[in-house]
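S.K.: What follows is a single structure, and I will ask about it in a moment.
Nothing in this text is a laboratory measurement; each read-out follows from the coordinates by a stated rule. None of these values were measured; they are calculated from a predicted model. Positions of Cβ are backbone-derived with ideal geometry, glycine not excepted, and every protein chain shown enters the neighbour counts.
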């Protein structure tokens, strides 16, 4: 079934005509790149058609798709339905993945660090500057955190991962929402910048005492040095909150289920994913990487003019 869906995605963009190998071009999200690379290899092996995908970030991917420079864009920052209609474009989710806080602190194992949404916002605002700050130590009483400055790492390119991260921080902190806000690129109050999920992962890897945010699969590539943290999202008096994942493998499977029994909600137009609330700590945000392309008639029109 999975192979059929992959083939369907790419076949919809392949030119029709004589039985010649097609070349399909795409660009955008680094969030989806690890799985996209596997799909591309499998699709080419089965069909002979080549897919060239540039992992350049959601913002540039959207721009190139709009300008007709590529056959499809990939973004984990959704376009609004009215914008899609005006452009004559469509989008649908390709993958779902977790955006997680990551730290580089010697001796800290994956999943050992605990955060809250407001605590993360204060760290990224530069209000909390040291790892042994009482606000961090209070919810990590079992950990011996070092007297070490915190180095914030963020993206410098237009990024759907940044959109998801800042969207979460805006929901968790009224101060963040008012002073920084959300989007693919924001004016970061503090920190160093990396390009792409891969660039950010490398920068956190090279910077002891750092904290950043990544799509989960990039954390696994650096798991010898950096570790993901879990976030307590429960708010007293509320029945819903975003992103409570206690085990990534289990929740990855559940996130793909086509029903709402466990609280997974996928909006096909906005591509945003939220999870039902619970008291257990987990990942703060699940996002969906979407394929973006022109409707068939318009797509054929501009493709013939290239």
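S.K.: Taking the Cα centroid of region 196-229 and of region 49-67, what is the distance between the two, rounded to the nearest whole Å?
M.R.: 24
S.K.: If we sort 130-140, 73-83 on the protection proxy, mean other Cβ atoms within 10 Å, highest first, what's the order? It would help to have the intermediate numbers written out before the result.
M.R.: On the way: 130-140: 15.0, 73-83: 21.6.
Top to bottom by mean Cβ count within 10 Å: 73-83, 130-140.
S.K.: Among 200, 148, 89, 113, which comes first, second and so on when ranked by fewest other beta-carbon atoms within 10 Å? Provide the component values of the computation, followed by the final result.
M.R.: Details: 200 29, 148 14, 89 20, 113 24.
So the ranking, lowest neighbour count to highest, is 148, 89, 113, 200.
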